[in-house]
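The values are calculated or read from the model by the stated rules, or taken from the named source; none is laboratory data. Owing to the predicted nature of the structure, the values given are computational and were not obtained by experimental measurement. All Cβ positions, even for glycine, are placed from backbone atoms using ideal geometry, and neighbour counts span all protein chains on display. Surface areas here come from the heavy atoms of the whole protein model, side chains and all, with no ligands, DNA or RNA. Shrake-Rupley method; radii C 1.70, N 1.55, O 1.52, S 1.80 Å.
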Amino acid sequence: MDEQMEAASAEASVLDHVPMRNEDGEIRHEFVEEIAHAIEAGDSAALRACVAELHEADLGDLIGALAPDDRVRLVELTGRDFDFSALNEVDEAVRDEILDELPPETVAEGVRELESDDAVELLETLDEAEQEEILEKLPLRERVALERSLLYPENSAGRRMQTEFIAVPQDFTVGQAIDYMRDTPDLPDRFYEIYVVDKDQHWQGAVSLDVLLRARRPVPLTELTDEDRRRVSVLEDQEEVARMFGKYNLVAAPVLDTQDRLVGVITVDDVVDVIEEEADEDLKALGGVNSDEELSDTVFTIARARFNWLLVNLATAFLASSVLGLFEGQLEKMVALAVLAPIVASQGGNAATQTMTVAVRALATRELGSSNAWRVVMREATVGLVNGVAFAVITGIAAVAWFKIPGLGIVIGLAIICNLFAGALGGILIPMALERVRADPAVASGTFVTTVTDVVGFFSFLGIATLWFGLR
């Protein structure tokens, strides 16, 4: 009777009476509380029923919403029903926290259930000692495959690929290939094409599933093989791979080693993850934030990571302020200059940031290069001049209306034109220069560009004012 009640409890998942998400797609607080209560009560059956219904991404969101102590308990109570791929959906700090608390045997068992690319993604965040401890508990064949993938450079195609794929001999017919797939129990969960190899596993070409299924059984695969299929090297950067997928509308691409042997495949779901990671990294870099920073990080970790960049910004701010010191006497004679100077610098900084954002993105996507650099630079310079003239008129009128000094409108107008022009040039030329010296434009451009517009803005405004009003 107790077993029947437990089974009934398992079938009555929390999801049956508390939906996980609200209308905006956010996790309901009531749902998290129900799960937390089940964890506290040790209700393994209810938790197993719940996680069995959740997609790995939803399970990852649930883990992130739980209290730290409940996360490990959830894994322990759900046992084999817990999908370890969900740990790739949470912040790295949360994942490390969970893996540190779990016995290596439990982690190894979970890793065995994952596709190779998900297993590598899970293991690569651990230190070598922890990796070795888990890998030792895997069967030899699986351990060797994962160790080989982990040896490839970080952010390379070799790290992103999955080693589960379908490769058939080049002398197969269509019928033999179909029979092989029907009779092989451990096919990949998802695949879009099969690959043709020689006896030494050298890649010969690819056959798409739609082409295969339209052909008659006696047709040799060699007649259907696409020998010019796009493929990637294990050492190729993941960002280049993602760019190739987008450019050629690929859903999968074979991965070859340095001897042209087929060793894996990259699929579009992996590429989507790469695109999200690279966009996240670039966005954080533009704000001077460490690419590894996560919402789950501690206050001290975040403060320490941001400190150095803020220190650099402080140094450049002192440099810009030193320009004001050169005009100390003029500022004392005309207070209006001190009031209006930040406006000139701010407008130039905003214009430069617009240009810099476009430039950094264009460099990242390879849309901006030596072939069109001059045209793009001239376009941005012209945009800076056009907006400079427009805002010179607006700011000049506002300055005259405010301080009742006619000449002040001309002075600030000329300074606005100078600074917006300088900002446009700085916003495009600085990222290009950093790219040329192999520095990351997204990381370093902001500080340099802001310094340029502050220095040019203060110097042009106060310098023109000194000459116009004869200040000494």
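Below, the figures for the structure above:
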quantity	calculated
Part-to-part distance (alpha-carbon centres) for the stretch 125-175 and the stretch 227-243, which is given in Å	17 Å
Net charge over other residues, Cβ less than 14 angstrom from the Cβ of Glu193 (K, R count +1; D, E count -1)	0
Base-10 log of normalised Debye intensity for the stretch 37-115 (one unit scatterer per alpha-carbon) at q = 0.11 Å⁻¹	-0.23
Under 17 Å from Lys284, Cα to Cα: aspartates and glutamates that are on another chain or at least 8 residues apart	Asp91, Glu92, Glu239, Asp273, Glu276, Asp292, Glu293, Glu294, Asp297, Asp440
Per-residue HN-Hα couplings for the stretch 444-461 [Karplus 6.51, -1.76, 1.60; θ = phi - 60°; Hz; x = Gly/Pro]	9, 5, x, 5, 5, 5, 4, 4, 4, 5, 5, 5, 5, x, 5, 5, 5, 5
Electrostatic dipole magnitude of the stretch 105-242 [Cβ: Lys, Arg +1; Asp, Glu -1; Cα centre; debye, to 20]	960 debye
Cys418, Cys50, ranked by accessible area, largest first (probe 1.4 Å)	Cys418, Cys50
Ile166 long-range amide H proximity, modeled H, under 5 Å	Tyr195
Among 112-123, 216-227, the order from most to least packed when residues are scored by Cβ within 10 Å on average	112-123, 216-227
Karplus-derived 3J(HN,Hα), 6.51/-1.76/1.60, for each residue of the stretch 181-192, Hz, glycine and proline x	5, 5, 8, 8, x, 9, 6, x, 4, 9, 8, 10
Over the chain: helical MRE at 222 nm, DSSP H runs n ≥ 4 each giving -39500 (n - 2.57), nearest 500	-21000 deg cm²/dmol
Mean Cβ count within 10 Å, highest first, over the residues of peptides 343-356, 162-175	343-356, 162-175
Approximate shape of the stretch 194-349 as ellipsoid semi-axes (Cα gyration tensor, √5λ), whole Å, largest first	59, 18, 13
Cα extents of the chain along the three principal axes, largest first (Å)	93, 62, 42
Neighbourhood charge, 9 Å Cβ-Cβ cut-off, centred on Arg361 and excluding it, Lys, Arg +1 and Asp, Glu -1	-2
Distant-in-sequence amide H partners of Leu368 (H built 1.01 Å from N, under 5 Å)	Leu363
For Thr173, residues with placed amide H under 5 Å, excluding near neighbours	Leu221
Under Karplus coefficients 6.51, -1.76 and 1.60, residue-wise ³J(HN,Hα) of the stretch 342-349 in Hz, glycine/proline x	x, 5, 5, 5, 5, 4, x, x
Alpha carbon centroid spacing (whole Å) that separates the stretch 371-427 from the stretch 28-106	56 Å
Cα-based Kirkwood hydrodynamic radius, the stretch 306-418, one decimal, Å	16.4 Å
